[in-house]
Amino acid sequence: MNIALVLLTIVIVLVIALLAAAGAGKLARLDGATYPASLTRAALAFTAVLTLAAAVTAAFTGLLK
């Protein structure tokens, strides 16, 4: 597999995770949450996106072998 494609995919997943975290943090703050609570929600959204990406990668790896 081309290394450039792998790096591009990693960067795209990280950007999507950061956007989801920023959105979750902003929505939490608009909902009246404190700064620590909104940071916690943003961190949970970030890790959820990365976990989902890892699970999809593992599933595709099992299917493609």
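The values are calculated or read from the model by the stated rules, or taken from the named source; none is laboratory data. Quick caveat, the model's predicted, so the values are computed rather than measured. Every residue, glycine as well, gets a Cβ built from its backbone with ideal geometry; the counts of neighbours run over all protein chains shown. Surface accessibility is based on the protein's heavy atoms, side chains included, excluding ligands, DNA and RNA. Shrake-Rupley method; radii C 1.70, N 1.55, O 1.52, S 1.80 Å.
Overview of results
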{"read-out": "Solvent-accessible surface ranking, highest first, for Phe46, Phe60 at 1.4 angstrom", "value": "Phe60, Phe46"}
{"read-out": "Cα→Cβ-extended label distance, 7 Å offset, between Ala22 and Ala59, nm", "value": "2.8 nm"}
{"read-out": "Correct option for semi-axes √(5λ) of the Cα gyration tensor in Å [calculated from the coordinates] among (i) 17, 13, 10; (ii) 26, 17, 11; (iii) 30, 12, 7", "value": "(iii)"}
